[in-house]
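Chemist: Below: one structure in structure tokens.
Throughout, read-outs are computed from the coordinates displayed, never taken from laboratory work. All values reported here derive from a predicted model rather than from experimental measurement. Here the Cβ positions follow ideal geometry from the backbone for every residue, glycine too, while neighbour counts run over all protein chains shown.
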Amino acid sequence: MYNASLRRFSQIREFVFLSASAILCVALLVTFIQISGVNRNPKAGFREMLNGTAYKPYIYRVLVPGVVRGVLSVLPVPLEDAARSWLTRNQTIQRWLFIFNAPRDLGLEALLVWIIMYFSLLGFCYSIRYLLSITGGFKSSFSIDLSTLFALIPLFLFFGFGYIYDFTTLFLFTLALAWMAQKKWLAYLSVFVLACVNKETAILLPLVFFMHYKDQNRMPRLRFLTLLVVQVIIYALVKGWLFFEFRNNPGELVEIHLTEYQMVLQKQPWVGIISFFILAILLLLVFRNWKRKPLFLRHALIMVLPLLALIVPFGFPYEFRVFYEVYPVFSSLAILNIAR
């Protein structure tokens, strides 16, 4: 009787969590489409990202466009034609395509991208729940569920600008970190390959691996070196392939935006002041009770150093989305203090 009641309670809790996370993810996706200006960058337009003519470095982020093209390649032609016809006639879809900055004739592609983005958000939700449960610090499953849902809310702050691969970056990094912490190496390496195809910042994951597992007490030296070399080879092969595939595309490997920082700081200094106070509160939550935080999360925070070094010369002013890679670590460390 007790086991049956416990199982029923667990099923109810799982249903409530799924429902709440599904609703929150819908709200996040709708808000992202409405306010982020996604696809507005002429160097990374929706059509150009899908057909492979976007500028470097955006064109190197091929996971989402590749999945869309893969789905369309196996979709029966009559079904595809019927779907395109319906999407073209549907006024609601056409309004959302306008907001999404996507051409009217690419409604089916946009719908597939929305599905990928939504399930990436949902995947992030379950991945950070998994990360919180395995790294420790929580006394009950209920507190983990509540903390996971809480971690979704601050993502609204990242929507000042956006790209179609943002949520896949967030999801893949979170899942990769969780499997790295669990030492599920085949699963981790599989996700690492996808992360490399999705965005070049996947190189931060081997950095976390090196930081945490360099200690021989956590991993034998030979296994450590083997896994480290495998990750470097995977990254080099993926990046080499992408560099060769899009060698004739316009653009550069990186974009310099120092001038934009100077202009924004002169015209909108108040935005910098608000950002500073938000950062100060976040750092307080992250570093308070530092030695009581899970060791893996503390080591994973190493990712923030190269991101901070790169954001000023290569990022846009107040482009918080560049921290999607480290967000699961920051949010987990902050949530542990809030939960306590």
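Chemist: Can you give me the long-range amide H partners of residue 56? Hydrogens built in the peptide plane at 1.01 Å from N, cutoff under 5 Å, separation of 5 or more residues or another chain.
Modeler: Correct list: 251, 252.
Chemist: List 233, 134 from most exposed to least, where exposure is judged by having the fewest other Cβ atoms within 10 Å.
Modeler: Fewest to most other Cβ atoms nearby, the residues stand as 233, 134.
Chemist: Under 14 Å from the Cβ of residue 305, count the other residues' Cβ atoms, weight Lys and Arg +1, Asp and Glu -1, and hand me the total.
Modeler: With Lys, Arg at +1 and Asp, Glu at -1, the net is 0.
Chemist: Set the Förster distance to 22 Å, then compute FRET efficiency between residue 217 and residue 14 from the Cβ-Cβ distance, nearest 0.05.
Modeler: For R0 = 22 Å, the calculated efficiency reads 0.05.
Chemist: Any idea which of 12, 88, 28 is furthest toward the positive side of the dipole for the chain, if Lys and Arg beta-carbons carry +1 and Asp and Glu beta-carbons -1?
Modeler: 12
Chemist: Distance in nm between label sites at residue 225 and residue 101, each 7 Å beyond Cα in the beta-carbon direction?
Modeler: 4.8 nm
Chemist: May I pose another question? Between beta-carbons, use under 11 Å as the cut-off and find the net charge around residue 183, counting Lys and Arg +1, Asp and Glu -1.
Modeler: Computed value for this residue: +3.
Chemist: In addition: In whole angstrom, note down how far apart the Cα centers of region 26-78 and region 3-22 are.
Modeler: 35 Å
Chemist: Rank these for me by crowding, 133, 332, going from fewest to most other beta carbons within 10 Å.
Modeler: Arranged by neighbour count, lowest to highest, 133, 332 become 133, 332.
Chemist: Taking K and R as +1 and D and E as -1, what net charge do the other residues with C-beta under 14 Å from the C-beta of residue 33 add up to?
Modeler: +1
Chemist: Quick one: if you stick a label point 7 Å off each Cα along the C-beta vector at residue 241 and residue 292, how many nm between them?
Modeler: The two pseudo-label positions are separated by 4.7 nm.
Chemist: Test of understanding: given the chain, find the longest segment containing no GluC sites (Glu not before Pro) that are in a DSSP loop and have at most 16 other Cβ atoms within 10 Å.
Modeler: Values: sites that count: 252, 255, 319.
The longest such stretch corresponds to 1-251.
Chemist: So what is the 222 nm mean residue ellipticity for the chain from helices alone, if each DSSP H run of at least 4 adds -39500 (n - 2.57) and you divide by all residues, rounding to the nearest 500 deg cm²/dmol?
Modeler: My calculation for the chain gives -23000 deg cm²/dmol from helical runs alone.
Chemist: With Cα extents along the principal axes in Å in mind, check (i) 74, 47, 44; (ii) 86, 54, 42; (iii) 55, 54, 48 and report the label derived from this structure.
Modeler: Label of the calculated value: (iii).
Chemist: Sticking with this structure for a sec: Binning at 5 Å from 0, report for region 1-94 what percent of all alpha-carbon pair distances ends up in each bin.
Modeler: Over region 1-94, the share of Cα pairs per 5 Å bin runs 2, 10, 10, 12, 17, 15, 11, 6, 6, 5, 3, 1, 0 percent.
Chemist: Now for a different question. Counting other beta carbons within 10 Å of each residue's own, what order do 171, 15, 192, 330 fall into, fewest first?
Modeler: Working: 171 28, 15 10, 192 25, 330 21.
The order, fewest Cβ neighbours first, is 15, 330, 192, 171.
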